[in-house]
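Undergrad: Have a look at this one.
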Amino acid sequence: MYKIVIENLEFEAVVGILPFEREKAQKVSVNVQIEYEDKKRFINYAKVCEIIENLMIKEQFLLLEDAIDEIEKELLKAYPNMKSLKLQIKKPQILKNALVGVEVLRKY
């Protein structure tokens with residue numbers, strides 16, 4: 001079993017339900033782990049980063065959970081050979097005293 005690991009993919013996107021979050025893009029940080037078995041059908045980590053960043057910027061999600069669900073769908077379309085997905089999205093600047101976000105672990 002192989003696992004690609006992407007840590008601290010950072011970019012700005014409009015995400016959130018609060019009025020001020022809808023007005024201006026904020027920094028998000030994404031961590032991803034994807035397991036797969038066949039190195040001949042490898043998972044391109046650069047393409048994974050591109051899918052995540054483009055989708056989040058384009059869709060301007062209200063909830064991180066919605067972003068995670070849509071990212072999962074797109075990654076499964078691109079890489080149906082995924083065996084597991086661990087996806088974490090954080091909003092590092094939303095609270096002054098905490099780093100918050102949402103994480104999911106899926107097995108296929």
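Undergrad: For the condition under 15 Å from Leu9 (Cα atoms), part of a helix (DSSP H, G or I), touching a strand residue (DSSP E or B) at 6+ places or on another chain (Cβ under 7 Å) and of a type outside the set (Asp, Glu), what is the one hit in Ile89, Ile34, Ile52?
TA: Ile52
Undergrad: Next question. So which residues in segment 55-86 are surrounded by 20 or more Cβ atoms within 10 Å (Cβ to Cβ) and not in a loop (DSSP other than H, G, I, E, B), if there are any at all?
TA: Met56, Leu64, Ala67, Ile68, Ile71, Leu75, Leu85, listed by residue number.
Undergrad: Also, quick follow-up: Could you run through segment 11-41 and say how many residues are modelled with pLDDT under 95, within 19 Å of the chain's Cα centre (by Cα) and farther than 20 Å from Val100 by Cα?
TA: The total comes to 0.
Undergrad: Pairs only if they're at least six apart or on different chains, beta carbon under 9 angstrom, first in segment 32-46 and under 19 Å from Asp69 (Cβ atoms), second surrounded by 12 or more Cβ atoms within 10 Å (Cβ to Cβ) and of a type in the set (Gly, Ala, Ser); list them, first residue then second.
TA: Gln33/Ser84; Ile34/Ser84
Undergrad: Additional query: Out of all the residues in segment 1-19, is one or more touching a Phe, Trp or Tyr at 6+ places or on another chain (Cβ under 8 Å), among the hydroxyl-bearing types (Ser, Thr, Tyr) and either exposed (fewer than 12 other Cβ atoms within 10 Å of the Cβ) or over 14 Å from Arg106 (Cβ atoms) (or both)?
TA: Yes: one or more hits.
Undergrad: Do any residues in segment 71-84 that are under 16 Å from Val30 (Cα atoms) have Cβ atoms under 8 Å from those of residues that are part of a strand (DSSP E or B) and among the basic types (Lys, Arg), where the two are at least six apart or on different chains, and which pairs are they?
TA: From residues that are under 16 Å from Val30 (Cα atoms), the pairs are Glu72/Arg106.
The values are calculated or read from the model by the stated rules, or taken from the named source; none is laboratory data. Fair warning: this is a prediction, and the values are worked out from it, not measured in the lab. Ideal geometry is used to build each Cβ from the backbone, glycine not excepted, and the neighbour counts take in all protein chains shown.
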